[in-house]
Every structure is written in C-alpha cells, then in structure tokens.
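So the structure is just underneath, and the comments pick up after that.
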Amino acid sequence: MSTGFDLQSVAELAQKPHLRDSGAVFTGRERTHCRSRPDPDASLAGLLSAKEAFIKALSSMGGAPACTFPEIEVGHGPAGQPRLRLHGQIARWCQERNIAAELSISHTGGMAGAVVVLLARPTTSGTTSGEHPS
C-alpha cells in the first residue's frame with residue numbers, strides 16, 4: 001500500500017491558463033467535464049491535485065516508469081465519484097503488478113486537495129494479473 005496527498009490553490013491555477021488549456025496537464029474529457037461544473041477552476045485544481053497525489057503515491061513503490069499528466073486521467077463513476085484512468089506505459093505497469101488506485105478529491109475555501117491510495121491486489125493461484133477471483 002502507498003498513499004499520496006496534494007493540495008492546490010484554485011486561484012494559483014486560474015492564473016495559469018497555459019496549464020489549464022494546453023492539453024499538457026488535462027485531457028479533453030477532463031476539461032470538458034470541469035467546464036460543466038459550477039466552479040471550473042476548483043474542479044481543475046482538484047484534478048491536478050489528484051494527478052500529483054498519484055505521482056507521490058507511485059514514487060514510493062519503486063521501479064515505476066515515468067509518466068505524463070495526460071496519462072493519469074480522472075474520470076467519474078455513475079454517482080460522480082472520481083476514478084483514475086491510467087493510459088500508456090503507466091497503465092501497463094500498474095496492471096502487471098495488479099495495483100488498484102483509490103481516489104478522493106475535495107475543494108473548499110480556495111483550495112483543492114486529493115488523496116490517492118495505491119493497493120497491490122492479491123492474486124490467487126490460477127489467476128493472472130488483471131483477473132479478479134470471485
């Protein structure tokens with residue numbers, strides 16, 4: 001198990017349109033989702049915190065490949081709960097090691113924060129990485 005936490009100023013991110021709009025940090029889906037929210041800048045700050053928290057949690061696991069922010073995408077479940085969607089080499093690395101990620105995001109008072117917990121799911125005899133026994 002490994003955890004990561006990050007805190008981001010909403011106002012600070014709002015003053016950096018090159019980070020918000022370039023695609024170097026946020027995917028098109030993330031930007032579209034955040035634009036639909038009541039406070040797009042707070043939502044983007046929460047997503048940036050989630051990406052940073054993931055990298056911090058990953059750094060203590062050792063041997064992880066380098067990744068870019070767009071490879072760490074934040075999506076949302078049916079009830080709006082945030083979910084990490086990994087892409088590229090980092091997705092393959094986590095899948096090979098059967099690593100699951102849990103994410104929580106919050107924002108209030110001009111700050112956004114996120115916590116990521118990475119868990120190495122146990123495997124059982126006869127299953128391969130990515131399969132989950134019933």
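The values are calculated or read from the model by the stated rules, or taken from the named source; none is laboratory data. On a predicted model such as this, the values are computed, not experimentally measured, just so you know. Neighbour counts are summed over all protein chains in view; Cβ atoms, including those assigned to glycine, are modelled from backbone coordinates with ideal geometry. For the accessible areas, the whole protein counts, side chains as well, though only heavy atoms, and no ligand, DNA or RNA atoms are used. Shrake-Rupley method; radii C 1.70, N 1.55, O 1.52, S 1.80 Å.
In the chain, what percent of the accessible surface is made up of carbon and sulfur (1.4 Å probe, ligands and nucleic acids excluded)?
53 percent
Return the single residue from T108, T32, T68 with maximal mean-square fluctuation; model: Gaussian network over the chain, springs between Cα atoms under 10 Å.
T108
Rounded to the nearest 500, what is the chain's calculated 222 nm mean residue ellipticity when only DSSP H runs of at least 4 contribute -39500 (n - 2.57) each, over all residues?
Theoretical 222 nm ellipticity from helices: -10000 deg cm²/dmol.
Treating only the Cβ atoms of Lys and Arg (+1) and Asp and Glu (-1) as charged, compute the dipole magnitude of the chain about its Cα centre; round to the nearest 20 debye.
160 debye
Determine the sum of side-chain charges near I105: Lys and Arg each +1, Asp and Glu each -1, restricted to other residues whose C-beta is under 15 angstrom from that of I105.
Neighbour charge sum, excluding I105 itself: -2.
In a shell of Cβ-Cβ distance under 12 Å around L118, excluding L118 itself, what net charge do Lys and Arg (+1) and Asp and Glu (-1) give?
+2
What list of whole percents do you get for P(r) of the chain, with Cα-Cα distances grouped in 5 Å bins up to the one holding the largest distance?
P(r) over the chain, rounded to whole percents: 2, 11, 20, 23, 19, 12, 8, 4, 2, 1, 0.
Kindly write out, for the stretch 80-92 in residue order, the coupling ³J(HN,Hα) from the Karplus curve 6.51 cos²θ - 1.76 cosθ + 1.60 (θ = phi - 60°), rounded to whole Hz, with x marking Gly and Pro.
Each residue of the stretch 80-92 in turn: x, 5, x, 9, 8, 10, 9, 10, x, 4, 5, 5, 5 Hz.
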